[in-house]
Amino acid sequence: NSSQSWTPSMKVLGGAVLLLHLAVSQDLSGVCQHESAETVSPIPLEIRDGEPVYRDIRFNQTHLWFYQNTNNVTVMNQPDQYRKLIINLEPCRGVVYLFVRKTRRCYPNPYSCIDVREGFEKREASQCTWTHFMSEIDGSRDGSPTFFEVPLSSTKYFISVYAPENSAYTLTVLADIGAFPRPGANGRLTARQLSELQVQISWDASGFVPPGISDAKQYWVYSSMLLESDNRTNMAVFLRPDKIMNTVCGLQNNTDRQYSIIPADQCSNGKCNATIDGVITDKRYVFNIVAESYRGHRMAYAGLIMRTNWEVIRQAANDRTLRVVGAVSGSVLGMVIIIYFLMLKLYG
């Protein structure tokens, strides 16, 4: 009897020890001290699958996000090459960096590798702690979006978004990657001027990987005239952090509205076109396209800058050439008339 009473007691004691161990293992306040810094959002927010969030973020601030993939049967039934997770951070204005850690806390700590204090400036990617994936932080891509497509090897992801200046951003996390449009030809656009006031924009239709989950619904066409002072900071950024023209929210911020919407069924053989009317001669314009899927996800193309230049040629040759042509034409006409009267005299 004593052995029988001892066994349940040991089980209870073992369960208590296990619970105590779990409680201690989850108390990471001493390890993750950076999460309680004044510049870090006090409460991590959960981001739901496929639902973009928009936030303003201030200088040297960090926002914490938590993503958990729960029982998505469609995703789990996909082959390994399609069982992935899209994490898409798009700046609407300014500069934002994305840091991601999977499986277990702590949240990534941007302050371990970025210092914006005057006299102590640093950006050392190799020193970023608690981080599995991250944006380029060396300044070479400031103002450009960060798009990750990583293996869905964990059900939990801990995300930090950091801003070295006052900024705004959208963040999307999506496990069903086949619902996300991918711009054709790597987002390249082409343009040609049809007339003095008209330009045609062409692009390749967006694709979906894996196919069959969603399809392109429509394309949003954006057009904006640039100032002479509007220049790109570098070839990786379109245009610059305070005027971003290759993200969905950046285009919405920097244009009054979309120029037009082209239904996807108007594209032919994977090629799409849109005509822009009312352009002004000898002005620079920026054009871009946003693809939208039937699931409501949107992705911007790479964008294009074009200077309109339409010259109407009214005189195909110089004056001297025209005088020579006129003299020759007059001589030929005179010979024709003389021959005509000779024919009348001979046969009339």
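Points to keep in mind about this one:
- Filter pass, Ile261 being open to solvent by 40 Å² or more (accessible area, probe 1.4 Å), touching a residue at least 40 places away in the same chain (Cβ under 8 Å) and either over 30 Å from Asn166 (Cβ atoms) or not in a strand (DSSP E or B) (or both): yes
- Tally of residues being out of contact with any strand residue (DSSP E or B) (no Cβ under 9 Å at 6 or more places or on another chain) and modelled with pLDDT of 95 or more across the stretch 220-255: 0
- In the stretch 35-119, counting only strands (runs of 3 or more DSSP E) that sit wholly within it, the ones holding 2 or more residues that are touching a residue at least 24 places away in the same chain (Cβ under 8 Å) and either among the acidic types (Asp, Glu) or open to solvent by 70 Å² or more (accessible area, probe 1.4 Å) (or both) span 53-57, 84-93.
- Any hit, the stretch 7-28, residues being assigned to a loop (DSSP other than H, G, I, E, B), open to solvent by 30 Å² or more (accessible area, probe 1.4 Å) and modelled with pLDDT of 70 or more: yes
- Some residue of the stretch 147-161 being at positive phi, surrounded by 16 or more Cβ atoms within 10 Å (Cβ to Cβ) and not small (Gly, Ala, Ser): no
- Count of residues meeting criterion [under 25 Å from the mean Cα position of the chain (by Cα) and open to solvent by 80 Å² or more (accessible area, probe 1.4 Å)] in the stretch 125-146: 4
- If you go through the stretch 120-160 and keep only what is touching a helix residue (DSSP H, G or I) at 6+ places or on another chain (Cβ under 9 Å), in a strand (DSSP E or B) and among the charged types (D, E, K, R), you end up with just Glu149.
- Enumeration of residues in the stretch 220-249 that are in contact with a helix residue (DSSP H, G or I) (Cβ under 7 Å, 6 or more places away or on another chain), closer than 29 Å to Arg295 by Cβ and part of a strand (DSSP E or B): Tyr222, Ser224, Ile244
- Selection status of Asn269, under 30 Å from Pro164 (Cα atoms) and either touching a residue at least 40 places away in the same chain (Cβ under 8 Å) or open to solvent by 30 Å² or more (accessible area, probe 1.4 Å) (or both): no
- Hey, Thr170 within 19 Å of the chain's Cα centre (by Cα), open to solvent by 40 Å² or more (accessible area, probe 1.4 Å), modelled with pLDDT of 95 or more and among the β-branched types (Val, Ile, Thr) or not: no
- Failed item, numbered, when Thr321 is tested on (1) open to solvent by 20 Å² or more (accessible area, probe 1.4 Å); (2) hydroxyl-bearing (Ser, Thr, Tyr); (3) modelled with pLDDT of 90 or more: (3)
- The one condition in (1) open to solvent by 40 Å² or more (accessible area, probe 1.4 Å); (2) out of contact with any helix residue (DSSP H, G or I) (no Cβ under 8 Å at 6 or more places or on another chain); (3) in contact (Cβ under 8 Å) with a residue 40 or more places away in the chain that Val209 fails to fulfil: (2)
The values are calculated or read from the model by the stated rules, or taken from the named source; none is laboratory data. Because the structure is a prediction, the values reported are computed rather than measured. Backbone-built Cβ (ideal geometry, glycine too); neighbour counts: all protein chains shown. These accessible areas exclude ligands, DNA and RNA; they are computed on the full protein's heavy atoms, side chains included. Shrake-Rupley method; radii C 1.70, N 1.55, O 1.52, S 1.80 Å.
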